[in-house]
Amino acid sequence: MATIKDIAQKAGVSIATVSRVLNYDESLSVSDQTKQKIFETAEALSYKKKQPKRHPIKKVAIVHWYTEQEELEDLYYMSIRIGAEQRCQDQGIQVVRYFQNNYQNLESEDIEGIIAIGKFSDTQVQELQKLAPHLVFVDDYDRDDRNGDHVAIDFKRATCKVLDHLQDKGVTKIGYIGGRESYKDEATLIADPREETFQSYMNELGMLERKWMYSGTFSVHDGYELMKQAIEDHGDALPEAFFVGNDSLAVGCLRALNESGIKVPERVQVIGVNDISVAKYVYPPLSTVKVFTEMMGESAIDLLMERINGRKVAKTVYIATELVVRESSL
């Protein structure tokens with residue numbers, strides 16, 4: 001595992017700066033460019049797979065539904081992007097990168113396919129179809145298969161895996177802190193399978209307490225604010241554990257618990273989702289469902305190459321997850 005010192009040396013910054021950036025210390029004044037360099041360095045040092053290089057033959061685009069600023073708040077999508085870019089580099093594929101606020105400029109690029117990372121409305125999909133003949137969607141679990149290929153995670157199974165683990169440890173009072181997303185060109189909220197599965201599975205078990213459920217955006221800031229609200233609402237009656245929709249939220253939750261003097265995991269356990277590169281560096285190190293994000297990016301490129309090389313039938317690839325228990329849970 002890469003250390004904070006390794007990241008600092010490669011990024012050209014101090015160890016203290018790396019530590020504070022990875023822990024989302026809001027009192028630290030550094031540029032977004034420095035943050036991005038540190039996050040991308042941490043992701044790159046976590047990336048172990050090497051593939052033999054091939055001769056350049058294709059040019060593809062990676063279109064991100066986030067802006068660059070939003071990506072800094074949710075490293076899950078950054079990690080997917082880096083996996084896809086690394087696959088392109090290893091196989092000699094030319095790649096251009098566009099974010100949500102500038103992908104219309106793709107019209108000037110001579111590309112053979114698009115990797116669309118995130119969630120796109122029907123209108124946006126139609127726009128992308130005009131820009132390239134082949135599309136692969138990554139993490140867009142509501143997308144109709146006829147529109148292209150897909151790489152996805154079974155978040156329903158991942159959620160049940162966490163809840164089963166907590167039950168096995170004798171934990172029955174479980175809260176949920178999650179996020180909700182909407183398409184960039186419309187206000188319609190996108191149903192989240194983690195929240196839906198938490199509600200249905202806990203209800204089946206007779207353990208659902210809606211008063212322990214909170215939702216905002218998938219950001220460190222909202223994780224902090226939502227956990228502060230939960231502490232204010234419930235005090236000593238705070239549940240024994242929280243399942244948190246992603247690691248960015250969980251980092252904020254840990255900070256709020258630490259500031260309030262609530263011991264983790266002795267009093268409250270926290271388990272996130274994604275296992276982003278910073279999860280192991282926060283305090284305490286975060287238990288989380290590992291999503292193999294680099295493999296998601298790699299698989300998207302592989303699917304796109306299959307399409308470009310003649311495959312006609314749409315394909316969906318589901319990537320497995322793994323529960324990683326660290327010091328924020330028992």
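The values are calculated or read from the model by the stated rules, or taken from the named source; none is laboratory data. Only a predicted model underlies this, so the values are computations on that prediction, with no experimental measurement involved. Heads up, the Cβs are rebuilt from the backbone with ideal geometry, glycines too, and the neighbour counts pull from every protein chain shown. SASA here: full protein model, heavy atoms, side chains in, ligands and nucleic acids out. Shrake-Rupley method; radii C 1.70, N 1.55, O 1.52, S 1.80 Å.
Once the dipole of the chain is set up with Lys and Arg at +1 and Asp and Glu at -1 on Cβ about the Cα centre, which of Leu249, Val162, Pro193 lies farthest towards its positive end?
Result: Val162.
Mind checking the angle between helix 293-308 and the chain's longest principal axis? C-alpha axes, 0 to 90 degrees, to the nearest 10.
So the inclination is approximately 20 degrees.
So what's the convex hull volume per residue for the Cα atoms of the stretch 223-300, in Å³? Numbers along the way, then the final one.
On the way: hull volume 6.1 nm³, N = 78.
For the stretch 223-300, the hull spanned by Cα atoms encloses 79 Å³ per residue.
Please go through the stretch 264-330 and write out the GluC sites (Glu not before Pro) that DSSP classes as loop and that have at most 11 other C-beta atoms within 10 Å. Don't skip to the answer; put the middle values down first.
Working: sites: Glu266, Glu294, Glu298, Glu306, Glu322, Glu327; in loops: Glu266, Glu327.
Here the GluC sites (Glu not before Pro) that fit, given the DSSP loop and packing criteria, are Glu266.
If you only keep lysine pairs separated by 8 or more in sequence, or across chains, how many in the stretch 142-281 come under 17 Å at the Cα atoms? Working shown, then result.
Numbers: Lys161/Lys169; Lys161/Lys173; Lys173/Lys211; Lys173/Lys263; Lys211/Lys228; Lys228/Lys263.
Eligible lysine pairs with Cα atoms under 17 Å apart amount to 6.
Restricting attention to the stretch 153-258, which trypsin sites (Lys or Arg not before Pro) occupy a DSSP loop and are surrounded by at most 16 other Cβ atoms within 10 Å? Don't skip to the answer; put the middle values down first.
Details: sites: Lys156, Arg157, Lys161, Lys169, Lys173, Arg180, Lys184, Arg194, Arg210, Lys211, Lys228, Arg255; in loops: Lys169, Lys173, Arg180, Lys184.
The qualifying sites are Lys169, Lys173, Arg180, Lys184.
Please work out the average accessible area per residue across the stretch 55-138, using the 1.4 Å probe convention, and give it in Å².
Details: 3200 Å² over 84 residues.
Spelled out: the 1.4 Å probe surface of the stretch 55-138, per residue, equals 38 Å².
Please give me, ordered by residue number, the GluC sites (Glu not before Pro) of the stretch 164-202 that lie in loop per DSSP and have at most 15 other Cβ atoms within 10 Å. Don't jump to the answer; show the numbers that get you there.
Numbers: sites: Glu181, Glu186, Glu195, Glu196; in loops: Glu186.
Those that pass, being in a loop and sparsely packed, are Glu186.
Please report the spacing between the Cα centers of the stretch 70-137 and the stretch 245-297 in Å, no decimals.
One Cα centre to the other: 28 Å.
Assign unit charges at the C-beta atoms only (+1 for Lys and Arg, -1 for Asp and Glu), then state the dipole size of the chain relative to its Cα centre in Debye, rounded to the nearest 20.
Values: 40 positive and 52 negative charges, 232 e Å.
Dipole about the Cα centre, nearest 20: 1120 debye.
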